[in-house]
1. Which one of these is over 19 Å from Phe69 (Cα atoms), assigned by TED's automatic domain parsing to the domain that holds Lys72, without any contact (Cβ under 8 Å) to a residue 12 or more places away in the chain and away from the ligand (no atom under 15 Å from the Cβ): Lys150, Lys158?
2. From the list Ser146, Ser117, Ser90, Ser55, which one is part of a helix (DSSP H, G or I), of a type in the set (Ser, Thr, Tyr) and touching a strand residue (DSSP E or B) at 6+ places or on another chain (Cβ under 6 Å)?
3. Quick one: which of Lys116, Lys112 is exposed (fewer than 14 other Cβ atoms within 10 Å of the Cβ) and more than 18 Å from the chain's Cα centre (by Cα)?
4. Is it the case that segment 137-144 has a residue that's charged (D, E, K, R), within 19 Å of Asn97 (Cβ to Cβ), away from the ligand (no atom under 14 Å from the Cβ) and more than 15 Å from the chain's Cα centre (by Cα)?
5. Residue by residue through segment 67-106, note down the ones that are touching a residue at least 12 places away in the same chain (Cβ under 8 Å) and surrounded by fewer than 13 Cβ atoms within 10 Å (Cβ to Cβ).
Amino acid sequence: MDCRKCRWLKTASCPIIYNVDEQSSPDVVYCHRFEEGKMFIIEKTFKIPMGHRLSKHKGLCQNFHGHNFVIKVEVCSKTLDGNDMVIDFSELKRIVNRILENFDHCMLLNDKDPMKSEFCKGYRVQIFPGDPTAEMLCQYFFDRISSEVKVLLGTEVKLVSVSIWENDDSMAKYVPD
Ligand SMILES: [Zn+2]
């Protein structure tokens with residue numbers, strides 16, 4: 001029998017099954033890994049060098065420049081899987097790296113940047129619908145990672161936030177409502 005909350009396979013005689021809802025449905029069984037009100041969160045950090053130019057900025061950021069961006073990804077679940085994990089860190093790494101590998105050493109540009117055509121000639125470029133600020137990158141990576149997590153991990157595991165550091169003391173974070 002499968003725990004309906006955490007997908008942990010248990011037999012009906014398992015002593016750690018603590019809740020059998022016999023009134024509404026005798027088939028609904030929750031194992032010890034699920035308790036209302038609890039949330040497990042894991043976080044993994046990625047580092048990736050990228051260049052960008054903020055075409056609307058009136059200061060130094062309108063110049064082409066780069067950062068060793070640090071990206072933090074938070075994933076949560078009310079339950080743990082068969083390995084007593086939210087998700088294996090290596091699995092999360094694989095999901096995120098598959099997206100990030102297309103951004104390694106890329107120049108990030110606004111679709112409306114008048115310099116775009118110069119950079120699109122044979123260089124690694126990623127185009128955004130606005131200036132590629134840390135805020136825009138957070139939202140973009142959140143949407144990409146979140147949809148991958150949904151496809152691969154179902155409804156229990158959710159992406160909580162994506163944070164991006166341009167340097168040690170400047171960070172943007174995207175947390176959807
Ligand atoms: Zn910058």
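The values are calculated or read from the model by the stated rules, or taken from the named source; none is laboratory data. All values derive from a computational prediction rather than experimental measurement. Ideal geometry is used to build each Cβ from the backbone, glycine not excepted, and the neighbour counts take in all protein chains shown.
1. Lys150
2. Residue meeting the stated conditions: Ser146.
3. Result of the check over Lys116, Lys112: Lys112.
4. No: zero hits.
5. Across segment 67-106, the qualifying residues are Asn68, Gly82, Asp84, Asn97, Arg98, Asn102, Asp104, His105.
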